[in-house]
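Below is one structure, written out as structure tokens, with a few remarks after it.
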Amino acid sequence: MNTSQQEPGHPDPNQPDPNQPDPAQIDDPTEPDDPNQPDPAQIDSLWPTPGTAITDDVLLSRYAVPDRSHPTTRVNFISSVDGAATSAGLSGALGVPADKRLFDLLRRLCDVVLVGAGTVRAEGYGPMVMDEQQVAWRRSAGLADHPVFAIVSGRLDLDPASRIFTEAPVRPIVITTGSSDAAARRALDAVADVLVCGDDELDARAVRAALTAHGLPQVHCEGGPRLFGALAAGGVVDEVCLTLSPMLVSGDAGRILGGALPGDAPLPLRLAQVLRSRDALLLRYLLAPQ
Ligand SMILES: NC(=O)c1ccc[n+]([C@@H]2O[C@H](COP(=O)([O-])OP(=O)(O)OC[C@H]3O[C@@H](n4cnc5c(N)ncnc54)[C@H](OP(=O)(O)O)[C@@H]3O)[C@@H](O)[C@H]2O)c1
């Protein structure tokens with residue numbers, strides 16, 4: 001009997017398994033960061049197309065949607081490995097340089113940045129302004145200089161005199177429900193387009209329809225969890241970008257998705273891309289059309 005002949009599916013223990021990574025190529029986490037990787041925002045691509053130190057242009061082309069006229073909602077979150085969306089009440093402590101890099105690039109691709117008022121207040125959002133390089137890129141891509149900033153609020157506890165409105169390069173949008181305070185709506189009308197989407201509860205499909213009617217079909221949502229929950233429950237989320245921050249947080253921090261899904265039925269996701277920056281993973285998942 002030829003002992004070197006192996007049954008199918010039983011690799012020769014004396015030969016390297018071609019399906020396993022070469023141990024010499026696996027980072028030892030106890031080793032200091034590779035000095036040949038000085039850029040902390042460097043992003044490598046693991047799957048489906050491997051690549052090292054991929055450029056902004058490559059990232060932008062990978063995240064570009066095939067048909068910009070077709071309404072698309074992409075949400076972008078960061079979470080610790082144990083599922084916390086915040087540490088000490090904010091997402092910033094979870095951040096890694098590559099996440100900030102991708103965060104800015106994803107904004108560049110959209111027509112409108114959609115954010116819940118809770119996140120605007122907690123994270124201290126200012127006006128949605130692209131820098132010169134971003135504006136130049138958007139112009140060359142045939143996009144408006146700046147995406148529109150759209151804020152979702154039920155209570156309309158938003159100050160019309162805040163920089164979000166007074167220093168906005170394009171008139172922001174405030175999305176609310178029919179039960180919101182009429183006087184607050186009138187006050188915000190002076191500085192923003194106020195869209196009513198739903199009576200007592202936010203109607204996610206009406207949000208998509210209203211933004212599309214405004215000429216803003218490419219929606220980039222930066223959270224927070226309650227808004228993501230409403231969009232997911234309403235069946236209008238197409239893509240979830242998740243940075244897995246190499247941290248354990250514990251405590252009572254919430255997760256990235258708030259509220260309940262219809263029938264408590266989980267929504268399946270399809271993995272579209274895995275990027276890596278040092279110890280963080282930048283994952284891209286797609287939802288089946290609903
Ligand atoms: N890890 C991450 O990537 C990430 C991303 C974003 C935010 N966060 C964190 O998430 C926390 C905020 O969570 P959150 O769930 O409160 O955020 P949120 O969804 O941004 O804010 C909730 C508020 O936004 C308005 N809103 C959102 N969805 C609504 C809906 N369906 N109907 C009516 N109003 C709606 C309401 O504003 P009014 O109160 O004005 O009615 C509501 O109180 C912060 O600590 C923030 O740092 C983390």
What single numbered condition from (1) under 17 Å from LEU281 (Cα atoms); (2) not in a helix (DSSP H, G or I) fails to hold for HIS70?
(1)
Could you check, for region 208-223, whether at least one of its residues is surrounded by fewer than 21 Cβ atoms within 10 Å (Cβ to Cβ) and near the ligand (Cβ under 9 Å from one of its atoms)?
no
Scanning region 85-102 for residues that are outside any loop (DSSP other than H, G, I, E, B) and surrounded by fewer than 18 Cβ atoms within 10 Å (Cβ to Cβ), the one nearest to the ligand (Cβ to nearest atom) turns out to be LEU90
Of the listed residues (ASP238, ASP264), the one being without any contact (Cβ under 8 Å) to a residue 40 or more places away in the chain, of a type in the set (D, E, K, R) and more than 13 Å from the ligand (Cβ to nearest atom) is ASP264
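Taking the stated definitions as given, is ASP82 of a type in the set (Asp, Glu) and not in a loop (DSSP other than H, G, I, E, B)? Full working, then the answer.
Numbers: of a type in the set (Asp, Glu): yes; not in a loop (DSSP other than H, G, I, E, B): no.
For ASP82, the condition - of a type in the set (Asp, Glu) and not in a loop (DSSP other than H, G, I, E, B) - is not met.
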LEU158 passes all but one of the listed conditions (1) within 12 Å of the ligand (Cβ to nearest atom); (2) assigned to a loop (DSSP other than H, G, I, E, B); (3) surrounded by fewer than 20 Cβ atoms within 10 Å (Cβ to Cβ); the exception is number (3)
Are any residues in region 118-155 within 8 Å of the ligand (Cβ to nearest atom) and either of a type outside the set (Val, Ile, Thr) or surrounded by fewer than 17 Cβ atoms within 10 Å (Cβ to Cβ) (or both), and if so, which ones?
GLY118, ARG121, ALA122, GLU123, SER153, GLY154, ARG155
Of the conditions (1) aromatic (Phe, Trp, Tyr); (2) surrounded by fewer than 19 Cβ atoms within 10 Å (Cβ to Cβ); (3) free of Cβ contacts under 8 Å to residues at least 60 places away in the same chain, the single one that PHE165 does not satisfy is (2)
Of the residues in region 103-117, how many are in a helix (DSSP H, G or I) and either away from the ligand (no atom under 16 Å from the Cβ) or among the small types (Gly, Ala, Ser) (or both)?
2
Using the structure shown, decide if ALA260 is farther than 25 Å from ALA93 by Cβ and more than 19 Å from the chain's Cα centre (by Cα).
yes
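All of the numbers you see were taken from the coordinates with simple rules; none came from a lab. Note that the structure is predicted; figures quoted are calculated from it, not measured. Cβ sites come from the backbone with ideal geometry, for glycine too, and all protein chains shown count toward neighbours.
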